[in-house]
Amino acid sequence: MTSTVSPATVAEASAPQKRRRSSGGSPVNGSRRDAWLLVLPALIPVVLFSVYPLVQGILLGFTDAKAGLGQVVSFNGVDNYTRLATNELFWNSFRIGLIWAFGVTILQFFASLGLALLLNLNLKMRWLARTLALVPWAMPPVIIAIMWRLMLNPTYGPINGGMRALGLPGDINWLGDFSTALPAVIVVGVWAGMPQTTITLLAGLQNVPSELHEAAAIDGASTWQRFWHVTLPALRPIIVAITTLDLIWNFNSFALVYVLTAGGPGGQTMLPMLFAYNEAFRYGNFGYAAAMGNVMVIVIAAFLFLYLRSQARSRQS
Amino acid sequence: MSNATVTPTPARQETVPPETPRRRKSQDSGIPQSPIQRRVTRPLQYVALAGYIVFLGFPLLFLLTTAFKTPAELQSPNPTFLPTSLNFDNFIQAIAKANLVQAAGNSLIVAVATTVIVTLISLPAAYALARFRTKLRSIATGWILLSQVFPFILIIIPLFLVLKQIGLINNLLGLILVYSVWSLPFALWMLQGYVAGIPVELEEAGAMDGGSRIRVLVSIVLPLLAPGLVATSLFTFISAWNEFFFALVLIQDPALQTLPLTLARFVGAEGQVQLGQLAAASLLATIPSLVFFALIQRRLTSGLLSGAVKG
């Protein structure tokens, strides 16, 4: 991972030129029709089993569809949304979802930035931290959740054990208590999502030209000033990209919290995805659940729009 | 796949030279520091690094040690961190549970079938995307990005209804179909990056030497693409092996459950006595993804890195 980005970007930059030179659409006596022919086996299943269901899903949000055979489905316009507007449980779950998504994304970003900065230094044991940082990436989310359930187990978990050893109250039911469940789940979310963010930021750091640092150092800039005025601006596009993706992934995540708490205690960790899942597959209200999905898309899209616009603006100035 | 935690940005480049000690050094010395400053900050940096190692590593270590502990050890009021002896009872008992073996078999069938289908379908398509500059490229990119934003709840309900109509609910075939379709855009994108890394000139030279189209593809492009192809297929395998949400909705028959489903159910029934077995089973279930990930991580991360720079 510590390899640099330069060869890749060089190749990327030169690739279009090569293609353009052998113009006419194809390198070796091919045609556009060939391209479609080659893509068709991939295109058909994607359209049938993901584009079509997605469109269907959006439309379902405007119907009264329910689970069960022989149900008559009819469009009910914005009925679902007026019902949702007064559904306090849903908005509560929405609020929890936003706390979760923003909490995990922000904490994850700072934790990963710190780790990436350390990994970019010539420290001993760096390989160990780097390897450990990658492991959660390969683990099934269900297993990450199981592991942390063992960690947070009120009686036998090492976290309470450690607290008892330090003379602190070691009987906290982390995942079962109203006040600690959401923070505990957020910590697990940070742990699970650190790999991509760390590795991406590290890649970005290694791409910052060292000449810039040297020049700034010669001009008498302190370490902090160099970080603020050289590293951070150079990292900016990567930071925006990875935090955007993290926010989307976290808002839409399911497996981790489903296994950790299943939304409990008392709905304290009921992320919108879990709420909508229950609505659809427990209570069978397909149309209503799809409407929740639509609201989730709109809200997340609005946040992304605001965030990306503010980033684009401050980049211009 | 529905699992966001394993989604790197698409790979764009096949080979990245291995890191050299020289580069490490130059990176560090690229940030000059006075000796005094260094003497103050270095220990702090090590403290921070140690903190990260504990935060990241301790849960894994704990899972590992729990798997080797006997029920008596787990219930003892003064637990030791390390197990007193290396006993494999938990592993043996976990494997002896018929439903876990069956679930592993189901997971294997689904993951292998998904990998084969995705590889076969995405190979020609990736070649076309990389070599022909058509609108398809931007459509494919657009779809990959868009599919990230939409919550799976919107897709799963209609998919559930469609699969129910054609009798593929509670059927591994249905799961394979869904996994294939949902890994496809990503695998396609990864693979076309690797194709783009192969110089067109090689193909042109092959064609000039009188090789037929198929021959050029099989004897020139395919060997060069092999490492990228392996990385893409292993990544597809990992995604399918780890996936939970689709399986939860589409599979209800206990005999057809995949490993994540069975383990998630196991959690609900966890008694203190079973903690060790649960840990052992979790470790066993992680091994395939971990091994495959270790094989491809350099490629994934280098791909991620070149993808990230574009962003």
Within region A:175-186, tally of residues that are open to solvent by 60 Å² or more (accessible area, probe 1.4 Å) and within 28 Å of A:T131 (Cα to Cα): 1
Region B:35-72, residues that are touching a Gly at 6+ places or on another chain (Cβ under 8 Å) and either loosely packed, with under 12 Cβ neighbours inside 10 Å or more than 7 Å from every other protein chain (Cβ to nearest Cβ) (or both): B:A67, B:F68, B:K69, B:T70, B:P71
Unmet requirement for A:A301, which otherwise passes all of (1) assigned to a helix (DSSP H, G or I); (2) in contact (Cβ under 8 Å) with a residue 12 or more places away in the chain: (2)
Qualifying position, being more than 8 Å from chain B (Cβ to nearest Cβ) and without any contact (Cβ under 8 Å) to a residue 24 or more places away in the chain, among A:N76, A:N153, A:N122, A:N87: A:N87
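Looking for something in a helix (DSSP H, G or I) and either over 28 Å from the mean Cα position of the chain (by Cα) or at positive phi (or both) - is there at least one such residue anywhere in region A:165-175?
yes
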Test: residue in region A:160-174 that is facing another protein chain (nearest Cβ under 10 Å), under 20 Å from B:F58 (Cα atoms) and buried (at least 23 other Cβ atoms within 10 Å of the Cβ): no
Boolean, A:G103 is assigned to a loop (DSSP other than H, G, I, E, B) and surrounded by fewer than 20 Cβ atoms within 10 Å (Cβ to Cβ): no
Of residues in region A:36-87 being within 26 Å of the chain's Cα centre (by Cα) and among the β-branched types (V, I, T), the one least open to solvent (accessible area, probe 1.4 Å): A:V46
Residue check for A:L202: open to solvent by 20 Å² or more (accessible area, probe 1.4 Å), in contact with a helix residue (DSSP H, G or I) (Cβ under 8 Å, 6 or more places away or on another chain) and outside any loop (DSSP other than H, G, I, E, B): no
Residues located in region B:138-148, provided they are crowded, with 17+ Cβ neighbours inside 10 Å and within 17 Å of A:M296 (Cα to Cα): B:S147
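What do you reckon, is A:W100 aromatic (F, W, Y), farther than 30 Å from A:V230 by Cα and facing chain B (nearest Cβ under 7 Å)?
In short, no.
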Given (1) over 23 Å from the mean Cα position of the chain (by Cα); (2) at pLDDT 90 or above; (3) among the hydrophobic types (A, V, I, L, M, F, W, C), number of the condition B:F88 does not satisfy: (2)
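The values are calculated or read from the model by the stated rules, or taken from the named source; none is laboratory data. None of these values were measured; they are calculated from a predicted model. Reconstructed Cβ throughout: ideal geometry from the backbone, glycine too, with neighbour counts over all protein chains shown. These accessible areas exclude ligands, DNA and RNA; they are computed on the full protein's heavy atoms, side chains included. Shrake-Rupley method; radii C 1.70, N 1.55, O 1.52, S 1.80 Å.
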